[in-house]
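Undergrad: Please find one structure pasted underneath; my questions will follow.
No lab work stands behind these numbers, since they all come straight from the coordinates. All values reported here derive from a predicted model rather than from experimental measurement. Reconstructed Cβ throughout: ideal geometry from the backbone, glycine too, with neighbour counts over all protein chains shown.
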Amino acid sequence: MALIEELEKSGNWLFRRRSFLPLILFVAAAPVVIWGGHVQPDYASWQWWLPCLLVSILGQIIRVITIGYTPRGTSGRNTSEGQVAETLNTQGIYGTVRHPLYLGNFFMWMGVLLFTGAWWFNLAVVLAFWLYYERIMFAEEAFLRKKFGDRYLQWSARTPAFIPRLDGWVSPAVSFSMRNVLKREYNGFFAVFVSFAMVDVAQHVRINGGWGDDALSAHWAWMLLASGLLFLTLRTLKKKTGVLDVEGREYV
């Protein structure tokens with residue numbers, strides 16, 4: 001098999017498992033904190049945890065902008081079975097970068113990685129992230145090139161793959177839909193706070209030599225509770241009602 005076909009095949013395999021495979025990397029964050037052997041930061045200080053959280057929030061904002069303006073049937077949303085796109089999405093944030101959802105993922109999880117305080121772990125995961133998503137992006141773009149031909153080539157020629165071109169914004173044909181965002185993003189939003197809490201608990205275990213009554217810092221406990229309640233509320237609305245449905249938008 002030619003290398004280009006091998007890359008596309010492996011990219012499609014990773015694409016179908018993209019929802020859970022990256023979690024394997026981040027499960028390692030807690031052991032790194034406990035046994036990493038690096039200089040530990042002051043996890044309790046807002047001067048440490050707040051900038052890390054803001055990096056993750058930046059990633060969430062990128063995803064919110066992307067999903068809020070994504071109409072049904074575009075290349076902005078695909079299925080677990082494989083590549084699906086009725087039209088090529090080149091408007092909104094897709095005028096600035098070809099893979100905004102993956103850019104958002106990068107910042108969301110980079111905040112958690114920074115919170116561990118282990119530079120070598122950050123570097124290792126960034127390299128793994130690049131190799132992982134490079135193959136997925138390769139497979140996606142191979143599909144789009146075959147389906148949309150010259151139109152795709154013209155768009156990709158002027159739009160960077162991963163580092164945004166900020167002057168490339170094109171006003172979307174659809175209005176922003178917060179309901180579509182809420183319907184699709186509650187899982188990732190909750191996962192960010194679970195991950196931060198996991199690292200915080202690992203830090204307490206390292207310091208105290210085991211679990212204790214204060215194994216989770218109060219600020220993370222409150223944020224985890226709030227995000228958990230939001231998760232349960234939105235999941236219930238999505239599964240049991242049509243409140244979050246928006247005509248002409250992607251559903252999952």
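Undergrad: What spacing in nm lies between the two simple spin-label points modelled at Ala161 and Val194, each 7 Å away from Cα in the Cβ direction?
TA: Inter-label distance under the simple model: 3.1 nm.
Undergrad: Would you mind putting 153-159, 137-143 in packing order, based on average other-beta-carbon counts within 10 Å, highest first?
TA: 137-143, 153-159
Undergrad: Provide the net charge surrounding Phe231, with neighbours chosen by a C-beta distance below 11 Å and charges set as Lys +1, Arg +1, Asp -1, Glu -1.
TA: +1
Undergrad: Go ahead and run the numbers for FRET between Leu50 and Ala128, Cβ-Cβ distance against an R0 of 35 Å, rounding to 0.05.
TA: On the way: r = 26 Å, r/R0 = 0.75.
Approximately 0.85, to the nearest 0.05.
Undergrad: What is the distance, in nm, between label points placed 7 Å from the Cα along the Cα-to-Cβ direction at Val205 and at Ile57?
TA: 2.8
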